[in-house]
1. Within region 118-131, take every residue that is surrounded by fewer than 16 Cβ atoms within 10 Å (Cβ to Cβ) and either in contact with a Ser or Thr (Cβ under 8 Å, 6 or more places away or on another chain) or outside the structural domain of LYS84 (by TED's automatic domain parsing) (or both) and give me the one that is nearest to LEU81 (Cα to Cα).
2. Between residues in region 65-85 that are under 15 Å from GLY132 (Cβ atoms) and residues that are acidic (Asp, Glu), which pairs lie under 6 Å by C-beta distance while being six or more apart or on different chains?
3. Can you name every residue in region 33-43 that is over 14 Å from THR105 (Cβ atoms) and assigned to a strand (DSSP E or B)?
4. Given GLY88, GLY103, which one is under 16 Å from the mean Cα position of the chain (by Cα) and assigned to a loop (DSSP other than H, G, I, E, B)?
5. Would you call TRP95 touching a Phe, Trp or Tyr at 6+ places or on another chain (Cβ under 8 Å), modelled with pLDDT of 95 or more and of a type in the set (Phe, Trp, Tyr)?
6. Please go through region 33-73 and give me each residue that is of a type in the set (Ser, Thr, Tyr) and touching a strand residue (DSSP E or B) at 6+ places or on another chain (Cβ under 9 Å), ordered by number.
7. Can you tell me how many residues in region 107-137 are of a type in the set (A, V, I, L, M, F, W, C), assigned to a strand (DSSP E or B) and either at pLDDT below 95 or over 16 Å from the mean Cα position of the chain (by Cα) (or both)?
8. Determine whether region 22-32 contains at least one residue that is modelled with pLDDT of 95 or more and either within 24 Å of VAL125 (Cα to Cα) or within 24 Å of the chain's Cα centre (by Cα) (or both).
Amino acid sequence: MRKNIMTAAGVTAAAVTLSLSMSGSAQAAPTALDAGSSNCSTTGAYGAMSWTNYWGPGYTINLKFTLTDKLADGNSVAVRLISKDTFGRIHNWKWNKNSQGNGRTSTWNTTASHVNGLFDIGIQVARLNSDGSVKNTCTKW
């Protein structure tokens, strides 16, 4: 009986070791999220975001935003990153504003990382009132 328990323990340990080594190599493989893009539009504004280096939630990703004012109404437009962390909390990043006027496009290159990880990322585009408050917005995860 003792021999059977020892054999079973040895087989279990070997299976655990094999499982750990296989999961380690699977984590090193690139994911489908490495690079991508997203965009959305709302009344008066169109924004796009592209990213690279998104290998997993712990990485610093490279971001490029473009934002076009689409309405001659005197309002600024804005774009920002939104993300979810490991706890499912949404993080609203700072707005990048375009105040150049109708038909003008602004571009920003930046990076992002979060201490609690970037598990989902998305784009938010807005048209702003003169006091800086949000007039209307779109969000795309």
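1. Among them, the one singled out is ASP120.
2. VAL77/ASP69
3. GLY36, SER37, SER38, CYS40, THR42
4. One residue alone meets the criteria, GLY88.
5. The answer is no for TRP95.
6. Those that are of a type in the set (Ser, Thr, Tyr) and touching a strand residue (DSSP E or B) at 6+ places or on another chain (Cβ under 9 Å): SER37, SER38, SER41, THR42, THR43, TYR46, SER50, THR52, TYR54, THR60, THR66, THR68.
7. Within region 107-137, residues that are of a type in the set (A, V, I, L, M, F, W, C), assigned to a strand (DSSP E or B) and either at pLDDT below 95 or over 16 Å from the mean Cα position of the chain (by Cα) (or both) number 3.
8. Within region 22-32, not a single residue is modelled with pLDDT of 95 or more and either within 24 Å of VAL125 (Cα to Cα) or within 24 Å of the chain's Cα centre (by Cα) (or both).
The values are calculated or read from the model by the stated rules, or taken from the named source; none is laboratory data. A quick note: this is a predicted structure, and the numbers were derived from the prediction, not measured. Every residue, glycine as well, gets a Cβ built from its backbone with ideal geometry; the counts of neighbours run over all protein chains shown.
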